[in-house]
Every structure is written in structure tokens, then in C-alpha cells.
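S.K.: Handing you a structure now.
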Amino acid sequence: MVLFKEVRKPVIRGAASVAALISPLRPRYTPKTPPCMGCCPCGADIRGWLATIAQAEAYGRTEEQAYELAWRMITERNPLPAVCGRVCPHPCEENCSRKAKEGAVAINALERFIGDFGVERNLKLSMLTEERHAEKIAVVGAGPAGLCCAYQLARRGYPVTIFEAFRAPGGMLRYGIPAYRLPRNVLDAEIARILELGIELKCNVVVGRDAPIEQLRAEYRAIFVGIGAHKGLKLDVPGEDASNVFAGTEFLNRVNSGEKVTLGKKVVVIGGGDTAIDAARVSRRLGAEVTLLYRRTRAEMPAIRPEIDGALEEGVRIEFLAAPVEIIGKDGIAAGMKCIRMELGERDASGRPRPVPKPDSEFELEATAIIVAISQEPEFGGFANLRAGKEWIKIDDWGATSTDGVYTGGDDVGLGLVSTAIAQGRLAAEAIDARLRGKKLHKPDLPPPVKPEKMKLAWYKEAPRHERGRMGIEQRGMDTEIESGLSDAEAHAEAKRCLSCGMCMDCEACWMYCTPGAFVKLPKGEHYKVKLELCDGCKKCAEECPCGCIEMV
Ligand SMILES: Cc1cc2nc3c(=O)[nH]c(=O)nc-3n(C[C@H](O)[C@H](O)[C@H](O)COP(=O)(O)OP(=O)(O)OC[C@H]3O[C@@H](n4cnc5c(N)ncnc54)[C@H](O)[C@@H]3O)c2cc1C
């Protein structure tokens, strides 16, 4: 029986026997973990879904089929690709091998493209089993952590109820991140699809106040706590209690809830993270002149880089190396802020240089409103017993807390990203399922990372990166999305830019360079077979493999 069609090159007779003396080592295809996947908090198979799009034709799929397959691959771990394709700061691109050539693959824009395809086609998330289990699970909080935990449990056959304190689900995706970065129709569509798996959502219920935790513990076999961190930290300076001093999260929540917030003409925002930048840009949209005060330099600012650029483009003035000393006011109303210049000193525990006040450098800023966005913490409420003293909630690798049957993840264990919350929600769901079904838990063993020096960048053709379009500053508003997506052609071309780090992509380099003809082509998808008896151990295949997946062993 012929299993594969051999395509052979002419063999140089006798070469193997002579060259066998060169080295006893022989080639082996050894897949590696690509850098994009290695640093994605969700552990997404980015290379896999990019290859699915790039090689659609070679595998006999239509573009639509390839997009749907890519969407299914992504939603295995992340049911919010259209959301993440807009707000994830994409560490995958930071680490992409192509960055050293002519720019990283635009993975985030591609994720949005596939996410939007799923929304437009109304694709349904898939169940993992047809079984239905009796054990009921409660999820507290409908942010990305809670939604993803609920998703992963529902598709494993569990009846899940989510209790959410706010009017609508989404957590910081709805009440923190402004709509010009994340349109609400996109968020609504991705959340609706998760709930369609049969998840019950009870909004306007604060667990610990409206629903006692003991009641939940009695009724549900496991509880996932995903309450996030919504309480803004205070500056701890005189005058902070003035009525026109807001916490960043509170301000954004009020604006995103449709409330009218009056700021006046001059707003001072304090902080350097995403909340500070979003609060500053929203204040600009409300018509204020905005000064943002940050105590270190731009290099240390934790906010997402393009968001800082966006704020500057929109006219936010940033005072770097400056900190508040006192809020100046009268009759409970702030009228300005006394500040001091800072300089950078020794590195502190966070690894960043410590800001040190410069003597005699005080200055004043006028303000009609002040927004304090220096950090936030969870409102533990009824969950205070999950804390270890003053620390936040402590968990094991699977989100289990010190209380039996109670799991957690997302911002309530440490401020993070949407993708971190998604990953932690999934891990807790896997742990709950394993516990209830008596299964052993194990994390998949990833192959070793591909070493940068193994990537032969010169082998790949030049292909410029496709950037997303951005709306002009004068057209920007509160609700209109600033960034546009990639076109079909751009998405396809961008997926083709993936270097397939650590995974064979049928490029034929090994086959071409093998003088004794030891490489035999297999049908698409199965790549090559090595006839070791013909190999002379010359290592050329391993040296020439552009994506670093051949090892000499
Ligand atoms: C302004 C801002 C901008 C951000 N921008 C980005 C970004 O661009 N990219 C990115 O990756 N990350 C960003 N982040 C971080 C990201 O939003 C969070 O890491 C993520 O939302 C955390 O998810 P979570 O589910 O843990 O918590 P949350 O999203 O905060 O959701 C928690 C939910 O629990 C509910 N809840 C709380 N207590 C109770 C209770 N007792 N009973 C019932 N429900 C309760 C809350 O109402 C809320 O809906 C941003 C954060 C902020 C504040």
C-alpha cells in the first residue's frame, strides 16, 4: 500500500557512506514553543491559528473555513477574541521573532479580525461534552475572569449562575475601558455568546450583601470569586475629601454608566497606568484641559504605550517627574494642587527607579476637578476571610483559595490584564471540573522554546507589516472606535508573515539542501520523513531550517 507519494531528488551515490564519517548525529523534527505563545497569558496557539489562515489554500480550505477554524482554535481558551483583539497590550508582538526583521506580525490586529468575523457570522461557542452534570457552580463577578470561568464550566456540562453587582456584565471591560477603545456592541456580542451556553446571569446582586456567602456555599458545589479591584487608592494628602476629587475607577464607571459628570475646564489626573490615561482622555472628550501628573518618566509608565501616544496626540499634557503634595481648596471644593518635582534615585522593590522629591521645587496647578488614578484594590466585603492578613487573596496554581471549594482569579489576586483574568478563570474551571469528576489535574507540557539564534531571518522574504487605520484626532469622540480593522487581503498577507518559529511549514529547505536525498516529502500537513539510512550527518538541514525545528540528535 502506498501511504505517501515520494518526491525524490537525484541521489549522489556513495555520498552517505563517505559522509557517515562526518558525524554520528541524525536530524529529527523537534517542534518548539514559539515566543508568541510562550509569553501569552492565555497560552494561545497563536502560531497554529496564524498558519491556519496563511495556509488555507494549501490545505484545501476556503478563506471562510480557515477563519472559522482559526476562531475555534482561539476560543478554546479565549471566548473574547474581538475584545482582546482591541485591548490586549499583546506581549506576543513584543516577543515576535519577526520584530527583528521589519516589524512583528500584527497578531493583535489579526485576533480582532478573527474575533469580528466570529461576531459578524454569529458563530456559536462549542461544548466539550454532551453530558450534563448536576453540581451547580456559582460565579461571583461577570468580568473577564468570571465570564471565562463560567464559559469553561458550562461547556463541560455544569449549570452555572453568575452573580454580578453592576447593572450589566463585563466588569472593567464595560465600566473601566472607554467605548472609543472597546465598542459596546462588540462586548455585548461576545458576552451574549458565552451566556447562550445556558449560563444564568443575575445582575444587581452584591454577593456578601444581597446574597449571603453561606447561602451560596450551601447551594453550590463550588464558587469562583472574580470580584476584580474597583476601589481607587487614596493619595493620602491634605484636601483629598473635596467633592470634585474623584477616584479614577469611580470617574470612569460613572461616565461609562451614562452619568453626566461635571469636571469644569481644568482637570488634573494623577497616575501613570491605564486608568490614569483613560481618565485623562475621557476628560479631554468632556471638554477639559488635562494635565497628567506622573512621578517617574515615560519609560517607567505602566500604561499601554499606544494609549500614552493617543493621550498626547489628543492634547493631554503630561508632567513627568512630579507628584502631588496637597490639594488646595475652599469650602470642600478643590481649586488646585500643590506639587513637587521629583528625580529618580535607586531602584526600589518593583525594580523601577525610586522617585525622590527635589528640595524647594514645589509648584502649583489650577484645577476644577482632580482625578486620582494611582492604583486600585478589591472591595473584599464578605470575602475578607479569603485574604491572608493584609495581603490580597492567595491562590495555588489552579486558583484554589484556602477555603475548600472556593476558587478565585483575575484582578482580586493582583492587578493584571484582561488576558491574565481569562487564563485564571479557565484554570479555576479546569480545577473545579477535576475536583468534581475526580480527575487528575495536569498542565500541558510545552516543548522547549525556540532559541532566537535558530531562526534564520534572512531566509524569509521582506514583507512589510500592516498597521491598523486610526481616526483623525478631530473626528474622535466618546463612543466612536478610533482604530479600524484589517481588510481580508491585509489579514491574509499578515498571517503569511508568521515565521512559524519552531514548527515545520513545508518550506523545503531541508529537502533542497540534503545531497544524499534523505528527506521524503509527505502529503501536506505531514511534512517530511527522514530516511536515516541515507543521511550522512552533514547537519546542513538543521543549519538551513529557517524556523529552527530540526535538531541533530
Ligand atoms: C480603566 C482601566 C483600563 C484598562 N485597560 C486595559 C487594557 O487596555 N488591556 C488590558 O488587558 N487590561 C486593561 N485593564 C485591566 C483589566 O480590565 C482587568 O485586568 C480585568 O478586567 C480584570 O478582570 P476581572 O474579571 O478580574 O475583574 P473585573 O473586570 O473588575 O470584574 C469584576 C466584576 O465583579 C463584580 N463584583 C465585584 N464585587 C462583587 C460582589 N460582591 N458581588 C457580585 N459582583 C461583584 C464587579 O461589579 C465586576 O463586574 C484596565 C483596567 C482599568 C481599570
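The values are calculated or read from the model by the stated rules, or taken from the named source; none is laboratory data. None of these values were measured; they are calculated from a predicted model. All Cβ positions, even for glycine, are placed from backbone atoms using ideal geometry, and neighbour counts span all protein chains on display. Accessible surface is based on the protein model in full, side chains and every heavy atom, while ligands, DNA and RNA are left aside. Shrake-Rupley method; radii C 1.70, N 1.55, O 1.52, S 1.80 Å.
S.K.: So for each of 245-256, 284-295, 74-85 I average, over its residues, the number of other beta carbons within 10 Å; can you give me the resulting order with the highest mean first?
M.R.: Working: 245-256: 22.4, 284-295: 20.9, 74-85: 25.2.
With the highest mean Cβ count within 10 Å placed first, the list reads 74-85, 245-256, 284-295.
S.K.: For the chain, would you read off the P(r) tail past 38 Å as a percentage of all alpha carbon pairs?
M.R.: Numbers: 60553 of 152628 pairs.
Counting every Cα pair in the chain, those more than 38 Å apart make up 40 percent.
S.K.: Another question, if that's okay. Which value results when the Cα radius of gyration for the stretch 398-451 is divided by 2.2 N^0.38 Å? All intermediate terms of the calculation are to be shown ahead of the outcome.
M.R.: Details: Rg = 13.2 Å, N = 54, 2.2 N^0.38 = 10.0 Å.
Compared with the compact-globule rule of thumb, the stretch 398-451 sits at 1.32.
S.K.: Report the charge-dipole magnitude of the chain in Debye, nearest 20, computed about the Cα centre from +1 at each Lys and Arg Cβ and -1 at each Asp and Glu Cβ. Working shown, then result.
M.R.: Values: 77 positive and 76 negative charges, 344 e Å.
Taking the Cα centre of the chain as origin, the dipole is about 1660 debye.
S.K.: Further question: Taking all pairs of distinct Cα atoms, average 1/r, flip it, and tell me the Kirkwood hydrodynamic radius of the stretch 206-307 in Å to one decimal place.
M.R.: The Cα-based Kirkwood calculation yields 16.2 Å.
S.K.: Continuing with this model, one more query. In whole percent, how big is the carbon plus sulfur part of the accessible area of the stretch 302-419, probe 1.4 Å, protein atoms only? Working shown, then result.
M.R.: Values: 2940 of 6000 Å².
Result for the stretch 302-419: 49 percent of the exposed heavy-atom area is carbon or sulfur.
S.K.: At a 10 angstrom cut-off on C-beta neighbours, averaged per residue, how do the peptides 522-534, 186-198 rank from highest to lowest? Let's see the in-between values first.
M.R.: Details: 522-534: 14.0, 186-198: 18.5.
Final packing ranking: 186-198, 522-534.
S.K.: Moving to a separate point now. Enumerate the amide H contacts of Phe246 below 5 Å, restricted to partners 5 or more residues apart or on another chain; note that Pro and chain-start residues carry no placed amide H.
M.R.: Those lying under 5 Å, H to H, from Phe246 are Ile370, Ile371, Val372.
S.K.: P(r) of the stretch 446-553 in 5 Å steps, Cα pairs, percent per bin?
M.R.: In whole percents, the pair-distance histogram is 2, 10, 16, 16, 15, 11, 8, 6, 6, 4, 3, 2, 1, 0.
S.K.: Starting from the Cα of Ala458, step 7 Å toward the Cβ, then list every residue of the stretch 79-100 with an amide N under 20 Å from that point.
M.R.: 97-100
S.K.: Got a sec to turn the phi values of the stretch 379-387 into Karplus ³J(HN,Hα) couplings, 6.51 cos²θ - 1.76 cosθ + 1.60 with θ = phi - 60°, whole Hz, x for Gly and Pro?
M.R.: Result, ordered by residue: 8, 5, x, x, 9, 4, 5, 7, 7 Hz.
S.K.: Here's something else I'd like to know. Report, in debye and to the nearest 20, how large the dipole of the stretch 432-503 comes out about its Cα centre when Lys and Arg carry +1 and Asp and Glu carry -1 on their Cβ.
M.R.: On the way: 15 positive and 12 negative charges, 158 e Å.
Dipole about the Cα centre, nearest 20: 760 debye.
S.K.: Something else about it: Count charges around Ser243 for me, please; just the other residues with Cβ under 14 Å from its Cβ, Lys/Arg as +1, Asp/Glu as -1.
M.R.: That sum, taken over residues with Cβ under 14 Å, equals -2.
S.K.: Charges on Cβ only, +1 for Lys and Arg, -1 for Asp and Glu, centred on the Cα centroid of the stretch 362-431; of Asn385, Ser375, Thr403, which one is farthest towards the dipole's positive end?
M.R.: Of Asn385, Ser375, Thr403, it is Thr403.
S.K.: Over the stretch 352-482, give the accessible area per residue in Å² for a 1.4 Å probe, as an integer.
M.R.: 57 Å²
S.K.: Now a separate question. Stretched out fully, how many nm does the piece from Asp348 to Leu441 gain, at 0.36 nm a residue minus the Cα gap?
M.R.: Numbers: separation 93, 0.36 × 93 = 33.48 nm, distance 3.76 nm.
Working it through step by step, the gained length comes to 29.7 nm.
S.K.: Taking H as built 1.01 Å from N, whose amide H comes closer than 5 Å to the amide H of Ile340, not counting residues under 5 places away?
M.R.: It is Ala323, Val325, Phe363, by chain and number.
S.K.: Amide H to amide H, which residues 5 or more places from Ala211 or on other chains are under 5 Å from it, using H placed in the peptide plane?
M.R.: Residues meeting the criterion, in which the H sits 1.01 Å from N, are Val206.
S.K.: A follow-up question, please. Sort Thr403, Thr62 by accessible area with a 1.4 Å probe, largest first.
M.R.: On the way: Thr403 35, Thr62 75 Å².
Largest accessible area first, the residues go Thr62, Thr403.
S.K.: Okay, moving on. For the stretch 82-189, what is one quarter of the convex hull surface built on the Cα atoms, given in nm²?
M.R.: On the way: hull surface 34.5 nm².
One quarter of the hull surface, i.e. the mean projection, equals 8.6 nm².
S.K.: Which entries of Lys451/Lys521; Lys440/Lys521; Lys32/Lys461; Lys99/Lys394; Lys124/Lys461 have Cα-Cα distances beyond 29 Å here? Don't jump to the answer; show the numbers that get you there.
M.R.: Values: Lys451/Lys521 26 Å; Lys440/Lys521 39 Å; Lys32/Lys461 22 Å; Lys99/Lys394 37 Å; Lys124/Lys461 37 Å.
Beyond 29 Å: Lys440/Lys521; Lys99/Lys394; Lys124/Lys461.
S.K.: Can you compute the FRET efficiency between Lys99 and Arg470 using 1/(1 + (r/R0)^6), with r the Cβ-Cβ distance and R0 = 22 Å? Round to the nearest 0.05.
M.R.: Working: r = 21 Å, r/R0 = 0.94.
Working from the Cβ atoms, E equals 0.60.
S.K.: Helix 107-120 versus the longest principal axis of the chain: what angle, 0 to 90°, nearest 10, using Cα atoms?
M.R.: Its long axis makes an angle of about 80 degrees.
S.K.: Shifting gears a bit: Looking at Asn185, Leu321, Ser500, which one has the Cα that reaches farthest to the positive end of the dipole of the chain (charges on Cβ: Lys, Arg +1; Asp, Glu -1)?
M.R.: Checked the options; the winner is Ser500.
S.K.: May I ask which of Lys443/Lys496; Lys101/Lys529; Lys136/Lys439 have a Cα-Cα span longer than 25 Å here? Let's see the in-between values first.
M.R.: Details: Lys443/Lys496 30 Å; Lys101/Lys529 31 Å; Lys136/Lys439 18 Å.
Beyond 25 Å between Cα atoms: Lys443/Lys496; Lys101/Lys529.
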